[in-house]
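**Q** Okay, here's the structure, questions in a sec.
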Amino acid sequence: MRTRARRAGAGEDSDWILDGSKMWITNGSIADVAIVWAQTEGGIRGFVVPTDSPGFSASVVKHKMSLRASITSELVLEGVRLPASAVLGDVTGLKGPLSCLNEARYGIVWGSLGAARDSLGTALSYAGDREQFGKPISGFQMTQNKLAQMSVELTNGMLLALHLGRRKDLGTLRPEQVSMGKLNNVTKSIEIAREARTILGANGISLEYPVIRHMNNLESVLTYEGTPEMHTLVVGQALTGIAAFR
């Protein structure tokens, strides 16, 4: 939030000048429009920024080992001039960007489970095909323990996501409940992917199977749209009424 916007003149109809930068912006280098939140004298405001505006540039973030299929960019704004109409109306302060984040976090509650489900399904199929000591490794107690525990955690996550979805449909879903869902489901999905990897053995690190890709991607999901520490404190504040962020 170090990006700043200032009026080019004194009137309400005067242009805005934006200076600053944004990091880790998905599709930033191929988008036609960027939504930029910036500090102003009147608080945080959102701006619709055409990416062909003079002073706007975007460069691709390279050398990623996670979410490699996603185009990620750094945006730089150097004296970008925008008309007064470029400001998003009726939203001032963090309410605007945080409402967007809440929607994204809710999507992650479900999306992380997709990676977990695929990892478990792959492990179950592999364990049924891979034979050792004369029988499939799915026939061994420790392998079945892994599969059973992964299934329990996946089912718990699905039930939590379903409950949150029903509250969302009713319009009663609260931000701290979304934080709980994001915190639990991503954490458990990573654990499921890691456990599935052990069942595949050395094949678990091969891109012939999807598990290592899910593991790497979930490492990014763990910290984007709010780190686990942040969501823990959001839930803690909801429980105690005391903000421990500072």
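Computed from the coordinates by the stated procedures, all read-outs in this text should not be read as laboratory data. Not measured: the values here are computed from a predicted model. A quick note on method: Cβ atoms are made from the backbone with ideal geometry, for glycine too, and the neighbour counts reach across all protein chains shown.
**Q** With Rg and Dmax of the Cα atoms in Å as the read-out, I listed (i) 22.5, 83; (ii) 17.5, 56; (iii) 19.3, 62; which label goes with the value calculated from this structure?
**A** Evaluating Rg and Dmax of the Cα atoms in Å on these atoms matches (i).
**Q** Considering only the other residues whose Cβ falls under 15 Å of the Cβ of residue 244, what net charge follows from Lys and Arg at +1 and Asp and Glu at -1?
**A** Details: positive: 246; negative: 176, 229.
Net local charge, residue 244 excluded: -1.
**Q** Over the chain, what is the mean sequence separation of C-alpha contacts under 8 Å (at least six apart), divided by residue count, expressed as relative contact order in percent? Could the numbers behind the result be given before it?
**A** Working: 376 pairs, mean separation 42.2, N = 246.
Contact order relative to length: 17 percent.
**Q** Also, quick follow-up: Taking the Cα centre of each part, how many Å lie between region 100-148 and region 38-98?
**A** If you average the Cα positions of each part, the centres end up 38 Å apart.
**Q** Give the order of 95, 168, 62, 182 when sorted by the count of other beta carbons within 10 angstrom, beginning with the fewest.
**A** Details: 95 11, 168 15, 62 6, 182 27.
Result, fewest neighbours first: 62, 95, 168, 182.
**Q** Give me the distance between the Cα centres of region 154-171 and region 173-237, rounded to whole Å.
**A** Each part's Cα centre sits 17 Å from the other's.
**Q** What is the distance, in nm, between label points placed 7 Å from the Cα along the Cα-to-Cβ direction at residue 95 and at residue 61?
**A** Each label point lies 7 Å from its Cα, and together they span 3.0 nm.
**Q** Okay, moving on. By the scheme Lys and Arg +1, Asp and Glu -1, what is the net charge of all other residues having a beta-carbon under 11 Å from that of residue 209? Could the numbers behind the result be given before it?
**A** Working: positive: 197, 213; negative: 118, 208.
Summing Lys/Arg as +1 and Asp/Glu as -1 gives 0.
**Q** Where is the GNM fluctuation largest for the chain (alpha-carbon springs, 10 angstrom cutoff): 118, 52, 19?
**A** Fluctuation is largest for 52.
**Q** Evaluate the distance, in nm, between pseudo-label points positioned 7 Å from the Cα of residue 71 and of residue 124 along their respective Cα→Cβ axes.
**A** 3.7 nm
**Q** Between residue 48 and residue 230, with labels modelled 7 Å along Cα→Cβ, what's the label distance in nm to one decimal, could you check?
**A** Rounded to a tenth, the inter-label distance reads 2.7 nm.
**Q** Which of the three applies to region 113-228, rounded, prolate or oblate, going by the alpha-carbon gyration tensor with a ≥ b ≥ c and a/c under 1.5 meaning rounded? Provide the component values of the computation, followed by the final result.
**A** Numbers: a/c = 3.19, a/b = 1.98, b/c = 1.61.
Prolate shape, in that a/c is at least 1.5 and a/b is the bigger ratio.
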